[in-house]
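The values are calculated or read from the model by the stated rules, or taken from the named source; none is laboratory data. Worth saying up front: this structure is predicted, and the values here are computed from it rather than measured. Glycine also receives a Cβ, built like all others from the backbone with ideal geometry; neighbour counts cover every protein chain displayed.
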Amino acid sequence: MRLSNGDLFRSLYGSVPELTGVAIRSVNLNPSGPTVTLRVDLPSFPEGFPEGASREWLDAGIDTVQCQLAFLDVREISLTRWDPPTTGDVRMEPYGDERRTRVAVEGSGVELEFECHEFATLSHVSAFKARPDGTDSGPHRYVNKVDARLYQSLPTTEEYTFYGR
């Protein structure tokens, strides 16, 4: 995956993780960009808890990292299935000669494809302890200082600044 700001992933995971078997929490289609934003729970840490995690995360029993991935200049979008909760794979591969990428999101309950700019943007990275039912409600610890100051948990979908609408 090509990220315009992938350093945060590298600080947590050592590299940018493959997005296979991830929980896909939401899909936001914004015509203003046009932009597609996915909110996903990242794959498990490969060797236990990451070195880049704070002591606060350890003390809170954090077991999941969540983020938003924004894809810009979207064209040729096809959302043929959306039946959450869903788990799937997010695949990105070069497309054409114009610095473009083809994105496919496929899994249980989701089928989404589109073409976009070659880089995705990472935002709103947080860590939380998943509920026994798998939900992401409850306290989140945000990596970004502004997010950490504004939010103690996942905001409602009406929070335009968080969801990019």
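A few points about this structure:
- Count of residues meeting criterion [more than 11 Å from Phe71 (Cα to Cα) and surrounded by 15 or more Cβ atoms within 10 Å (Cβ to Cβ)] in the stretch 107-120: 5
- Pair list, Cβ < 9 Å and 6+ apart or interchain, from the stretch 10-38 residues that are of a type in the set (Phe, Trp, Tyr) to residues that are surrounded by 14 or more Cβ atoms within 10 Å (Cβ to Cβ): Tyr13/Leu42; Tyr13/Pro43; Tyr13/Phe45; Tyr13/Pro50; Tyr13/Gly52; Tyr13/Val65
- Of all residues in the stretch 31-70 being farther than 18 Å from Val105 by Cα and in contact with an Asp or Glu (Cβ under 8 Å, 6 or more places away or on another chain), the one that is modelled with the lowest pLDDT: Gly33
- Residue in the stretch 71-84 that is within 25 Å of Ser153 (Cβ to Cβ), crowded, with 16+ Cβ neighbours inside 10 Å and either modelled with pLDDT of 90 or more or out of contact with any Asp or Glu (no Cβ under 7 Å at 6 or more places or on another chain) (or both) present: no
Yes/no matrix, rows are residues, columns are (1) in contact (Cβ under 8 Å) with a residue 60 or more places away in the chain; (2) among the polar types (S, T, N, Q); (3) over 17 Å from Leu42 (Cα atoms):
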residue	(1), (2), (3)
Gln68	yes, yes, no
Asp73	no, no, yes
Ile77	no, no, yes
Val90	yes, no, no
Phe128	yes, no, no
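- Flag if Ala148 is outside any loop (DSSP other than H, G, I, E, B) and surrounded by fewer than 15 Cβ atoms within 10 Å (Cβ to Cβ): yes
- Within the option set Thr135, Thr157, being part of a loop (DSSP other than H, G, I, E, B), within 18 Å of Ala70 (Cα to Cα) and either touching a His at 6+ places or on another chain (Cβ under 8 Å) or not charged (D, E, K, R) (or both) holds for one residue only, Thr157.
- Within the stretch 127-145, being modelled with pLDDT under 90 and buried (at least 18 other Cβ atoms within 10 Å of the Cβ) holds for Ala127, Phe128, Asp136, Arg141, Tyr142, Val143.
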